[in-house]
Amino acid sequence: MKEDLLDIVCCPLDKHDLELDATEREDGEIVTGTLTCTECGETYPIEDGIPNLLPPDMRDEAPA
Amino acid sequence: MSGEQSAGDETGDGSDGKPGLAAQRDMEQVYQPAEDSKLLADAVVERVGEGDRTLDVGTGSGYVAARMREAGAEAVGTDLNPHACRQATEAGIPAVRADLTGAFDAESFDVVTFNPPYLPTEPEKEWDDWMERALSGGEDGRAAIDPFLDDVARVLRPTGAAYLLVSSLTDPDAVRERAAANGLVGEEVASESHPFETLLVMRFERAEA
């Protein structure tokens, strides 16, 4: 994901801003890292360049 | 079928002209553009402006988002399905895995599009896999449409509009009522008849806009 995506995404639980912690970057894009809610502290993973902003209770219910 | 595919070539890069196995698996689990996607995209690209910020909900392959981008808009896609997010990303569409518009800031978009799962489906048949999920709209066909209408006004800019694909099987009047309950007024902007249903594109904006 590009960093400017942060301008339009928020925590799905309380709609507060997210703070980026990038662990791997490539060509200016974030490949791996986390997004953490500045209000509730919930952490969302970024994997293969795609942020997973599903509410925590929906992360596991989905089919494989 | 002449290519030599080595066993374990899980991430084939398509150098033999065919998608690799991982990409093929994504294809099988992601709704590919059909008549409904095209009807929605055709209606939206006529109305999207240069530089508009747009969000395609349930983006699947990224088709509608890509059409908006071709029309000059900035497009982002979102989907529940991780395979869809990957496919949209490969199509050059920034993708976010999320539930409808729930992970997006208020007043972020000029245009939001949604080609929802809308086929009425018996409960026991539901959501066995990602493809079923892309099609099934629950018992009344509106299991994804209703929560979409409940939140979409939040992410629209004051003059923004949402474009929703609905089917005659989905009871468009009930869709309109749900939208009205959320302060949205709708008009039909495109329709297409098929053997068992009529597909409609509805455009919604804030009632006070």
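The values are calculated or read from the model by the stated rules, or taken from the named source; none is laboratory data. Since the structure is predicted, the reported quantities are computational estimates derived from the model, not experimental observations. When we count neighbours, we look across all protein chains shown, and the Cβ atoms used for this are built from the backbone with ideal geometry, even at glycine.
Considering the conditions (1) within 9 Å of another protein chain (Cβ to nearest Cβ); (2) more than 13 Å from residue B:99 (Cβ to Cβ), residue A:53 is excluded by exactly one of them, (2). Check whether at least one residue in the range B:106-121 is of a type in the set (Asp, Glu), at negative phi and touching a Gly at 6+ places or on another chain (Cβ under 6 Å), and report yes or no. Checking the range B:106-121: at least one residue is of a type in the set (Asp, Glu), at negative phi and touching a Gly at 6+ places or on another chain (Cβ under 6 Å).
Does the range B:89-98 contain at least one residue that is closer than 17 Å to residue B:150 by Cβ and not small (Gly, Ala, Ser)? Within the range B:89-98, none of the residues are closer than 17 Å to residue B:150 by Cβ and not small (Gly, Ala, Ser).
Scan the range B:113-147 for residues that are among the β-branched types (Val, Ile, Thr) and modelled with pLDDT of 90 or more and jot them down. Once the filter is applied, which keeps residues that are among the β-branched types (Val, Ile, Thr) and modelled with pLDDT of 90 or more, the range B:113-147 yields B:113, B:145. Within the range B:175-206, restricting attention to residues that are among the small types (Gly, Ala, Ser) and exposed (fewer than 13 other Cβ atoms within 10 Å of the Cβ), the residue that is farthest from residue B:112 (Cα to Cα) is B:193. Does residue A:12 satisfy the criteria of being in a loop (DSSP other than H, G, I, E, B), within 10 Å of chain B (Cβ to nearest Cβ) and not hydroxyl-bearing (Ser, Thr, Tyr)? Considered against the rule, which asks whether it is in a loop (DSSP other than H, G, I, E, B), within 10 Å of chain B (Cβ to nearest Cβ) and not hydroxyl-bearing (Ser, Thr, Tyr), residue A:12 comes out as yes. Scanning the range B:76-102 for residues that are of a type outside the set (A, V, I, L, M), within 9 Å of chain A (Cβ to nearest Cβ) and assigned to a strand (DSSP E or B) gives B:78, B:97.
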